[in-house]
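Novice: Have a look at this one.
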Amino acid sequence: MSTTPSVPYRLEFSVEVPGTPEQVWQAIATAKGMSAWFLPTELEEREGGSLHFAMGPEMGSDGHVTAWDPPHRIAYEEDWAALMGQEPDALSPLTSEFLVEARSGGTCVVRVTSSGFGTGADWESEFWDDMGTSWLPFFDNLRLYLAHFPGQEATQLEVSASHPGDEEALWSALRDALGLGGEGETIEVLGSTGTVERLGERQALIRLTAPVPGMLTVFARADGEGTAAAGVRAYLFSADAADHVQREEPAWQAWLRGLTVHAD
């Protein structure tokens, strides 16, 4: 049976964001910029440059830049087979392209395309469905970053905790614990104050205003057979953000572990 990758997969979307093409380029095509709204990123800023996205302890995605045309177009390839633990020739590279188009009124449209070829396995279509669901919310982060923190370097805090049950019940527990109402409302949690910017499916984006300015995403996701994970990821923008993370990370971990989840 041949495993030659021949089944096409594709994900396309566009987002309008504030800023000049140069500001948007800094956010989508530099390690400092990508790390401020996406995952911790290492990037050699040139065609052929290496690329690494950190996805957790000892987990990440490696690739290289295939197109570099500041401030309009960047494309890169990731090793999809290695990321998914497949044979090297089982899958094509995962290709992503970002196009930046200036609009009147001080905004830009970012057009994003990701594509690859597989063998048609069930898990491949699930991968693409999950990719869209998990990737799109980051572009709300990008919009918020460019609106309030353009050009700034982020310090990230990320913790999660697993609970028995499904992600819907866990998200309900998260919403209750945070006192999440609607978009535009103020919330306070663990000494931090912020405004709810976006409520999505089992996730929320909060702009933090005190004591450290930044962005906070909270989410619930399936974590395995019969379990779900609650997580927080913060991008903090201040000189003392690293000290704040070191001090507050254990409290967030304990808070997530202490959530009370009610069975349906």
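Novice: Is the chain rounded, prolate or oblate when judged by the Cα gyration tensor, a ≥ b ≥ c being the square roots of its eigenvalues, rounded requiring a/c under 1.5 and prolate requiring a/b larger than b/c?
Specialist: It is oblate, given that a/c is not under 1.5 and a/b is not larger than b/c.
Novice: How big is the gap, in Å, between the Cα center of segment 190-240 and the Cα center of segment 52-116?
Specialist: One Cα centre to the other: 24 Å.
Novice: Right, next: For the chain, calculate the relative contact order in percent as a whole number, restricting contacts to Cα pairs under 8 Å that are 6 or more residues apart.
Specialist: On the way: 554 pairs, mean separation 47.6, N = 264.
Result for the chain is 18 percent.
Novice: Suppose accessible area is computed on protein heavy atoms with a 1.4 Å probe; arrange His72, His163, His262, His52 from highest to lowest.
Specialist: His262, His72, His52, His163
Novice: Here's something else I'd like to know. Probe of 1.4 angstrom, ligands and nucleic acids ignored: what's the accessible area per residue over segment 125-230, in square angstrom?
Specialist: Per-residue value: 44 Å².
Novice: Scan around Ser35 for amide H atoms under 5 Å from its own, H built in the peptide plane at 1.01 Å from N, and keep only partners 5 or more places away or cross-chain.
Specialist: For Ser35, whose amide H was placed from the backbone, the distant partners under 5 Å are Thr41.
Novice: While we're on this one: Starting from the residue with the highest accessible area, list Thr227, Thr30 in decreasing order, probe 1.4 Å.
Specialist: Thr227, Thr30
Novice: Here's a follow-up. Among Gly191, Gly60, Gly132, which one shows the highest mean-square fluctuation when the chain is modelled as a Gaussian network with alpha-carbon springs under 10 Å?
Specialist: Maximum among the listed residues: Gly191.
Novice: From the Cα gyration tensor of segment 77-175, with a ≥ b ≥ c the square roots of its eigenvalues, which class applies: rounded if a/c is under 1.5, or else prolate if a/b is larger than b/c, or else oblate?
Specialist: Since a/c reaches 1.5 but b/c is at least a/b, the shape of segment 77-175 is classed as oblate.
Novice: Roughly how much of His148 is accessible, in Å² to the nearest 10, using a 1.4 Å probe?
Specialist: 80 Å²
Novice: Tell me the carbon and sulfur percent of the accessible area for segment 39-149, rounded to whole percent, probe radius 1.4 Å. Present the calculation step by step, with values, prior to reporting the outcome.
Specialist: Working: 2670 of 5330 Å².
For segment 39-149, the apolar C and S fraction of the accessible surface comes to 50 percent.
The values are calculated or read from the model by the stated rules, or taken from the named source; none is laboratory data. As the structure is a computational prediction, the values presented were derived from the model and not from experiment. Keep in mind that these areas ignore ligands, DNA and RNA; they rest on the heavy atoms of the full protein, side chains included. Shrake-Rupley method; radii C 1.70, N 1.55, O 1.52, S 1.80 Å.
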